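J.: Provided herewith is a single structure, encoded as structure tokens, for subsequent inquiry.
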Amino acid sequence: MAVRLQKPQNKRRSAAVIAVAAAVALASVAVAFMLRRAEAQIDFTPAVVTCAVHEKVNGAEVTGSAASGSVKSDITAENTGSTTVFLRLRLSACWVDAEGKTTGTPSALPQITLRQNWLDGGNGLYYYALPVEPRQSTTVLCEPMRMGTSVSPTGAAVYQQITVLAEAVQALPGKAAQEAWGVTVENGRITAAK
């Protein structure tokens, strides 16, 4: 009886199969480890940037832009969001009839005397120079302003209506306000608004 000797080629093939099986097993363990879910949970809450206007007409607090009266005062903007913001106010004027309908009569904003920390940006835009924390408000924009009365070209009485709108932009980074509004921000405050 002849003894058959194993060829070296078969040994190499067996060694290759064992090596491949070991590599697959190792790779499976590594992938399972990487795909294992982490125990730590990361919570991220995005910032909310919102604001509101507070004002008085004839000494009474009003909401909405359709309030009628002769003197507007105590105009402030409130940060109603969840992050520190810069605030600006936009004023626009028009003439309305006794029913509150716009008449089309040309109108201009009254001259106002700004209070501390407010900057005139032109065209009815006023910037609060300091960042405002959530649930905080600016100081009062200006001295009380008188809203006029007049007569339209048709002879009807018309009343000046001044609408105040608030706008906000996130204060950090400072370049957010610079890019959005074209203002200059230095040392965390708006220093130029034109």
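J.: Quick check on my filter: what residues within the range 147-194 are part of a strand (DSSP E or B) and of a type in the set (Gly, Ala, Ser)?
T.: Within the range 147-194, Ser150, Ala157, Ala166, Ala168, Ala192 qualify.
J.: Okay, next question. On the basis of being surrounded by fewer than 17 Cβ atoms within 10 Å (Cβ to Cβ) and among the small types (Gly, Ala, Ser), does Gly121 make the cut?
T.: Here the answer is no, as Gly121 does not meet what is asked.
J.: Restricting attention to the range 34-62, and to residues there that are modelled with pLDDT under 65 and in a loop (DSSP other than H, G, I, E, B), which single residue is farthest from Thr76 (Cα to Cα)?
T.: Arg36
J.: Val169 versus (1) touching a helix residue (DSSP H, G or I) at 6+ places or on another chain (Cβ under 6 Å); (2) open to solvent by 30 Å² or more (accessible area, probe 1.4 Å): which is the lone unmet condition?
T.: Only one criterion in (1) touching a helix residue (DSSP H, G or I) at 6+ places or on another chain (Cβ under 6 Å); (2) open to solvent by 30 Å² or more (accessible area, probe 1.4 Å) is unmet by Val169, namely (2).
J.: I need every pair where a residue in the range 88-114 that is under 26 Å from Gly155 (Cα atoms) and open to solvent by less than 60 Å² (accessible area, probe 1.4 Å) has its Cβ under 9 Å from the Cβ of a residue that is aromatic (Phe, Trp, Tyr) and at pLDDT 90 or above, sequence separation at least 6 or different chains.
T.: Short answer, once both residue conditions are applied: Trp95/Tyr159; Val96/Tyr159; Asp97/Tyr159; Gly100/Tyr159; Thr103/Trp95; Thr105/Trp95; Ser107/Trp95.
J.: For the range 63-77: of the residues being at pLDDT below 95 and out of contact with any Gly (no Cβ under 8 Å at 6 or more places or on another chain), which is surrounded by the most Cβ atoms within 10 Å (Cβ to Cβ)?
T.: Lys72
Residues are listed down the side, and each one gets a yes or a no for (1) modelled with pLDDT of 95 or more; (2) not small (Gly, Ala, Ser):
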{"site": "Asn123", "(1), (2)": "no, yes"}
{"site": "Ser137", "(1), (2)": "yes, no"}
{"site": "Ser152", "(1), (2)": "no, no"}
{"site": "Ala156", "(1), (2)": "no, no"}
{"site": "Val169", "(1), (2)": "yes, yes"}
{"site": "Trp181", "(1), (2)": "yes, yes"}
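J.: Still on this model: Based on this model, can you work out whether Ala129 counts as touching a Leu at 6+ places or on another chain (Cβ under 7 Å) and closer than 30 Å to Phe44 by Cα?
T.: yes
J.: Given (1) loosely packed, with under 15 Cβ neighbours inside 10 Å; (2) modelled with pLDDT of 90 or more; (3) not aromatic (Phe, Trp, Tyr), where does Val31 come up short, assuming only one miss?
T.: Here Val31 meets the rest and fails (2).
Conditions tested, residue by residue: (1) assigned to a loop (DSSP other than H, G, I, E, B); (2) among the aliphatic types (A, V, I, L, M).
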position	(1), (2)
Phe86	no, no
Gly104	yes, no
Ala108	yes, yes
Tyr127	no, no
Arg135	yes, no
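J.: Sticking with this structure for a sec: So, of the residues in the range 143-166 that are free of Cβ contacts under 8 Å to residues at least 24 places away in the same chain and farther than 29 Å from Glu61 by Cα, which turns out to be least open to solvent (accessible area, probe 1.4 Å)?
T.: Among those residues, the one meeting the criterion is Gly155.
The values are calculated or read from the model by the stated rules, or taken from the named source; none is laboratory data. Bear in mind the structure is a predicted one, so any value in this text is a computation, not a measurement. Cβ atoms come from the backbone with ideal geometry, glycine included; neighbour counts cover every protein chain shown. Heavy atoms of the whole protein, side chains included, go into the accessibility calculation; ligands, DNA and RNA do not. Shrake-Rupley method; radii C 1.70, N 1.55, O 1.52, S 1.80 Å.
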